[in-house]
Structures are given as C-alpha cells and as structure tokens.
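Asker: One structure, as structure tokens, below. Some questions next.
Nothing in this text is a laboratory measurement; each read-out follows from the coordinates by a stated rule. Being a predicted model, the structure only gives us computed values, none of them experimental. We place every Cβ from the backbone using ideal geometry, glycine too, and count neighbours over all the protein chains shown.
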C-alpha cells in the first residue's frame, strides 16, 4: 500500500530534492536519515515523529498514516512540528484542528 503524503506537506530547511524524496516515500522507499511527521487516524496524539526506517519495522501500525512533514533529523522535526502547530493555530485558533488543516481524507 503506498504511503499517503499531504498535498501541503512541510519540509525542513536541510531537505534537498523534496519532490524526489516524496515520490520515493509514496513508493515505500525508506531513508535511514529522514524523519516523517505523520497524522495517524486513530492516534491520541496530534502528530507523531517517525524515522522512516522504523516504518518498515512497524508497517501495519503506520499503514494508515499521512505524512505532513519531512525533516533531516530529530531537531529539525521538532522545529517543523512547531511551525505546523503555529500555522494551524493561525488559521483555526485551535491546534486540535490539524487534520482539517491537512484535509484528512
């Protein structure tokens, strides 16, 4: 099953070749040094940060995730999380509306 990536996904400043990385993620190619910020439909968390090679080990758990951000390392993933939450808050005045922000299908 191909991975879902939001149309308006975010990327960290150190990510190069964004389109290439996204195409490969959709085809389930997993990078050892890329972190994905994901929405899980049944999660109690707003977002989860997952190293892509971890996704391979837990494919059934992450099957229904939607990638909303791509970062090169954990620190960049935390910064990207802050940017996303800030943007969601600016639009909806409620960070819990993150799924609506990314038009959850």
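Asker: Among (1) 1.05; (2) 0.93; (3) 1.34, which one is Rg/Rh (Cα atoms, Kirkwood Rh) computed from these coordinates?
Answerer: (2)
Asker: Express as a percent, rounded to the nearest 5, the fraction of DSSP beta bridges in the chain (both residues included) that run antiparallel.
Answerer: 70
Asker: Given the DSSP H assignment, sum -39500 (n - 2.57) over each helix run of at least 4 residues in the chain and divide by its residue total; what's the result at 222 nm in deg cm²/dmol, nearest 500?
Answerer: Using -39500 (n - 2.57) per qualifying helix, the result is -11000 deg cm²/dmol.
Asker: Which order, highest average first, do 16-22, 35-41, 86-92 follow once you tally other Cβ atoms within 10 Å for each residue and take the mean per peptide?
Answerer: So the peptides 16-22, 35-41, 86-92, ranked by packing, come out 35-41, 86-92, 16-22.
Asker: Compute the angle between helix 74-92 and the longest alpha-carbon principal axis of the chain, please, reported from 0 to 90 degrees and rounded to the nearest 10.
Answerer: 40
Asker: Could you give P(r) for segment 1-59, binned at 5 Å from zero, as whole percent values over all Cα-Cα pairs?
Answerer: Answer for segment 1-59: a P(r) of 4, 16, 30, 31, 15, 5, 0 percent.
Asker: Give me the distance in nm between label points sitting 7 Å out from Cα along the Cα-to-Cβ direction at residue 63 and residue 99, one decimal.
Answerer: Those two pseudo-labels are separated by 1.9 nm.
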